[in-house]
Amino acid sequence: MGFALPIGFATALLALPILALYVLKLRRREVVVGSMLLWGDAVRDLRANAPWQRLRPNLLLFLQLAALAGLAVALARPYVLHASAVRGDLVVVLDASLMMRATDAAGYPDRFAAAKARVSGLIDVLGPGDVMSIVRAAHTPRVVIAQSGDREALRRALDAVAPSYEALDAAPALSLASSLARGGHDGSVRIITGAGTVLPDLTAVRTLRPTVSRMGGTARDLAIVAFAAGDDGTGTLSALARIANYGPRRESTDVELTVDGRLLDVRSRDVPPGGQSDVLWPTLPTGSRVLQVHLTLHDDLAADNTAWAAPVRAAPRRVVLVTAENVFLRTALALDPSVRLTTLTPAAYAAGAASGTLGSPDLTILDGERPAALPEGNLLLINPPVGEWPGLVSGPAVRVAGAATIAQDSAGILRYVQAAAIHVAAARVVTASAWLRPALLAGAQPLLLAGERASRRMAVLTFDLHESDLPLQPDLPIMVANLLTWLAPNTSLPATLAARPGDLIPVAPVAGARRVEVVRPDGLHVALAPPFPLGPFSDTGQPGLYTLRQTRAGGAVQEDPFAVNLFPASPNEGSSGQPSAASGQPSARSPEAPATGPGVPVDTTGLFAGLALAFLCTEWWVASRGR
Amino acid sequence: MLLEPSFIHRLDLLTLATKAATSGSGAGGRRSPAVGASVEFRDFRTYSPGDDYRRVDWNTYARLERLFLRLYQAEEQTCVTFLLDCSASMEQGGTADSAEGSKFRAAQRLAAALSYIVLHGDDMVAVGAVGQRLAAYLPPRGGRQVAGEVWGFVERLQPSSRGPAGSDLAAALRDAAAHLRRGGLTFVLSDLLTTSDWRRGLLALRAAKQQVTLLQILSPDELNPSLRGDLALVDRETGARREVTVTAAAVRAYQERLAAYTQEIAAYCHGHDIAFLQLSSALSLADVVLRVLRKNGVVRA
């Protein structure tokens, strides 16, 4: 214990006058009474002074001296050096990932509650002049409060933090914490996570004296680590679930499969510790849209006992090709079985457009032709004739030298394409709008442009295929397939979507979509568009079944369900964790060893002031009892 | 002046009440156990030679032809003794300059008033001053003309028993009892704040065939102390000094002790056929004589 203001002990000198009151002779008023006969017993026990002033043991004297001692110590501003790592600028990295929902923390509802209690304890021992920051770590880190010495503000911020369903990505959180800690003086980092969580190498932040506190112990955790359903190509729908046991003992559970809200099958599985078990449903009802698998076992982490799957349904693509004749292009388009190709001459297209028999194709390809009226929807222009086009002014063809190079490919239309193998003899000079960006260049001449405006996607090949060696390359069908995928997507969601909480999900609206929204598992509608183009859907914080709703111009609604599951991305992730050698106690040899130091002073003035007050109250009570 | 003239006239209407007949000396106005000559008929007795034939009931002789004497209640003088406690504690209640308001002054005035009532009833009065021993004694005397002498004796008495040992009321009462050769009434006027065994003194009076009335006189600050704080209490009688802190609890303890002491005196007096009254020196003499003593049967109209 130390004292910030030792001069406060001077107050103890008041003990001298107090003692004097008991030692020095008191001047008393003399009162003559008829007889002491009746007074003797009444005042015998209440005599405060002997006539000759010898100091006698006296409860009131003791209480007064004790109160004075408490007051003197309180005025000396006592403090104790707390052994905790709270010193200077402390950054707490609070793990809020899924694993913190495990209920194996003794005395707390879950690991996260225990972690919050630990942080609250750190706030309690925050010394004067020290500051604390709290970083919530999950899929992406977030600063909850930065460098605050206000305990109430810290507690309010801590109370507002809730655990997520996301996996932990500790590296960005540590990077953020490191930045925060270096912003102050005497920085340090405290990581509060779950038992068994694998953290990245802490050597990089060694100067910040990182310490790790682990919550929880040996959790029973049986989890669904994979669940997928799909068509095997024969029209038969099948599903596969994989169950992993992260707990310390063998677990038995029933596996329930629910299809479109109806319980379809129940299987029993017995999984050894550290093992996995697969459950296959080879034949499921055709046309099933939503599948749910659930483990009936009550373990320490219930969130990963349920998973969902929504088989992707690939719709046929309607493509209209307006060309005089292009066998290479027709052949490349015909390779995709989902393409319903309609090849028209410009005259036939004009007639069909005039009669309205063409409908609304998913993609219109204008190969060296320009109809009188440009169609709605997505466009692929090939060798556009001179004139104005949407976002484009096409000029005459010029000779092009050199091999092609990829300028950018944000749309993925040049994926797996070897640009260097493509040679173009002549290409049109084009002036494109900003939204139409070159993807393939030959020198400075753009060969391929792509862009999206409003709800229309458009790509432009500035050369005639016959004026290049592209038809002779295997890159032509690859490029056409890429262009079809981007210009005429038959699913609005990625075909191999395996989303986890916190992931971004790209959404490709169907042609003619006027409104796009997502219905979350809790029923909340999240609008994505308008405006177009829309970005990826990011509100994937909770696991469950989401529904992508797209409303077309005529009011028709297309609903595409998709699932967000708690599947681990790697074998090291997703379990509530086996305890380390000493759960909650980081190894002393590792960078996780707790920092040691002189500790921080914790003010104990209030304690001694309270003691002084208690002694004073007791003295008052003892004294008044005799009055 | 002990008694106001106007108050003396009010005493003319009062007589001393006694529980039983007393044996006295000489003819007086108080009934005697002896058969005497008065107007109050008591009994018949057969005539014996030598009897006073004037007392023969001739009407009875006429009817029965036998001689009977008529017997009448003898009325004799009774001696009433007033024993005043002259210990220093009786000064309590007065001031340094005047004894007015003290317990002793109240005792003096009460003795004077009662002696007047006694003398007015053709009885005799004796007065004694008790302290360490019987300090002064006025032998019995009767007749209204001696009232002034009695009052003068009473007024000249002074509290005097000071000393480490205090007063010895028991010894003084025993001394007084030795002076009382015939039965009579004795009033003891004292605060009874003494360490001596007052019971033995009262017992000696009873042994001397005295009807004893004990009048305990206490000052207001003894009955209900108003003392508080750090004080040095000085015993008026012994001079002992004691430094104390008087709290409300101490006062409560004092009052409890006083009540117990009073109860002890009353119980003893009741067991020994002694009348007991506790009086406050703050009461006026008229209030004491005309209300308190009448109400308790010590005097009657």
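The values are calculated or read from the model by the stated rules, or taken from the named source; none is laboratory data. Because the structure is a prediction, the values reported are computed rather than measured. We place every Cβ from the backbone using ideal geometry, glycine too, and count neighbours over all the protein chains shown. Quick note on the areas: whole protein, heavy atoms, side chains included, nothing else; ligands and nucleic acids left out. Shrake-Rupley method; radii C 1.70, N 1.55, O 1.52, S 1.80 Å.
Of the residues B:D191, B:D230, B:D197, which single one is in contact with a Leu (Cβ under 9 Å, 6 or more places away or on another chain) and either small (G, A, S) or open to solvent by less than 30 Å² (accessible area, probe 1.4 Å) (or both)? Checking each option against the conditions leaves just B:D191. No other residue among B:A208, B:A147 is over 15 Å from the mean Cα position of the chain (by Cα) and of a type in the set (A, V, I, L, M, F, W, C) apart from B:A147.
Consider the stretch A:105-131 and keep the residues that are open to solvent by less than 30 Å² (accessible area, probe 1.4 Å) and not in a helix (DSSP H, G or I). The one that is modelled with the highest pLDDT is A:A105. Any residue at all in the stretch A:57-80 that's more than 13 Å from chain B (Cβ to nearest Cβ), exposed (fewer than 14 other Cβ atoms within 10 Å of the Cβ) and modelled with pLDDT under 85? Yes - at least one qualifying residue is present in the stretch A:57-80. Among the residues making up the stretch A:356-368, those that are surrounded by 21 or more Cβ atoms within 10 Å (Cβ to Cβ) and within 17 Å of A:A511 (Cβ to Cβ) are A:P361, A:D362, A:L363, A:T364, A:I365, A:L366.
Looking across B:A136, B:A126, B:A112, B:A106, one residue alone is away from chain A (no Cβ under 14 Å), open to solvent by 10 Å² or more (accessible area, probe 1.4 Å) and in contact with a helix residue (DSSP H, G or I) (Cβ under 8 Å, 6 or more places away or on another chain). It is B:A136.
Conditions (1) of a type in the set (A, V, I, L, M); (2) under 30 Å from A:P531 (Cβ atoms); (3) modelled with pLDDT of 90 or more, marked per residue:
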position: A:A425; (1), (2), (3): yes, no, yes
position: A:L449; (1), (2), (3): yes, yes, yes
position: A:S455; (1), (2), (3): no, yes, no
position: A:F463; (1), (2), (3): no, no, yes
position: A:H466; (1), (2), (3): no, no, yes
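Selection of the stretch A:199-213 for residues being under 24 Å from A:A113 (Cα atoms), of a type in the set (V, I, T) and open to solvent by 10 Å² or more (accessible area, probe 1.4 Å) yields an empty set. Among the residues of the stretch B:251-291, the ones that are surrounded by fewer than 14 Cβ atoms within 10 Å (Cβ to Cβ) and among the hydroxyl-bearing types (S, T, Y) come to 1 in all. Under the condition of being within 29 Å of A:A454 (Cβ to Cβ), touching a Phe, Trp or Tyr at 6+ places or on another chain (Cβ under 8 Å) and not charged (D, E, K, R), the residues counted in the stretch A:402-441 number 4. Can you tell me how many residues within the stretch A:261-278 are farther than 16 Å from A:A223 by Cα and loosely packed, with under 11 Cβ neighbours inside 10 Å? Selection size over the stretch A:261-278: 2. Figure legend. Inter-residue proximity from the stretch B:165-184: first residues within 14 Å of another protein chain (Cβ to nearest Cβ) and of a type in the set (S, T, N, Q), second residues part of a loop (DSSP other than H, G, I, E, B) and buried (at least 24 other Cβ atoms within 10 Å of the Cβ), beta-carbon distance below 7 Å, spacing 6+ or different chains. Indicated pairs: B:S167/B:G131; B:S167/B:E237. The lone criterion from (1) surrounded by fewer than 20 Cβ atoms within 10 Å (Cβ to Cβ); (2) touching a residue at least 40 places away in the same chain (Cβ under 8 Å); (3) within 14 Å of chain A (Cβ to nearest Cβ) left unmet by B:D85 is number (1). Tell me whether the stretch A:253-276 contains one or more residues that are within 29 Å of the chain's Cα centre (by Cα), hydrophobic (A, V, I, L, M, F, W, C) and either more than 30 Å from A:R111 (Cα to Cα) or not in a loop (DSSP other than H, G, I, E, B) (or both). Within the stretch A:253-276, one or more residues are within 29 Å of the chain's Cα centre (by Cα), hydrophobic (A, V, I, L, M, F, W, C) and either more than 30 Å from A:R111 (Cα to Cα) or not in a loop (DSSP other than H, G, I, E, B) (or both).
Restricting attention to the stretch A:127-138, the residues that are in contact with a helix residue (DSSP H, G or I) (Cβ under 9 Å, 6 or more places away or on another chain) and in contact (Cβ under 8 Å) with a residue 60 or more places away in the chain add up to 1. Only a single criterion out of (1) within 28 Å of the chain's Cα centre (by Cα); (2) over 17 Å from A:N565 (Cα atoms); (3) modelled with pLDDT under 85; (4) not hydroxyl-bearing (S, T, Y) is not satisfied by A:D232, namely (1). Of the residues screened, A:G196 is one that is within 21 Å of the chain's Cα centre (by Cα), buried (at least 17 other Cβ atoms within 10 Å of the Cβ) and part of a loop (DSSP other than H, G, I, E, B). State whether one or more residues within the stretch A:362-369 are more than 26 Å from A:M479 (Cα to Cα) and more than 30 Å from the chain's Cα centre (by Cα). There is no residue in the stretch A:362-369 that is more than 26 Å from A:M479 (Cα to Cα) and more than 30 Å from the chain's Cα centre (by Cα). Being in contact with a helix residue (DSSP H, G or I) (Cβ under 7 Å, 6 or more places away or on another chain), surrounded by fewer than 21 Cβ atoms within 10 Å (Cβ to Cβ) and free of Cβ contacts under 8 Å to residues at least 60 places away in the same chain is the requirement here; does A:P371 meet it? Yes: the conditions hold for A:P371.
Residues considered: A:V393, A:V398, A:V424. Of these, the only one that is β-branched (V, I, T) and open to solvent by 60 Å² or more (accessible area, probe 1.4 Å) is A:V393.
This table checks each residue for (1) of a type outside the set (A, V, I, L, M, F, W, C); (2) modelled with pLDDT of 85 or more; (3) under 26 Å from the mean Cα position of the chain (by Cα).
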| residue | (1), (2), (3) |
| --- | --- |
| B:T194 | yes, yes, yes |
| B:W198 | no, yes, yes |
| B:V212 | no, yes, yes |
| B:L218 | no, yes, yes |
| B:A232 | no, no, no |
| B:A259 | no, yes, yes |
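Selection of the stretch A:21-40 for residues being assigned to a helix (DSSP H, G or I) and modelled with pLDDT under 80 yields A:L21, A:Y22, A:V23, A:G40.
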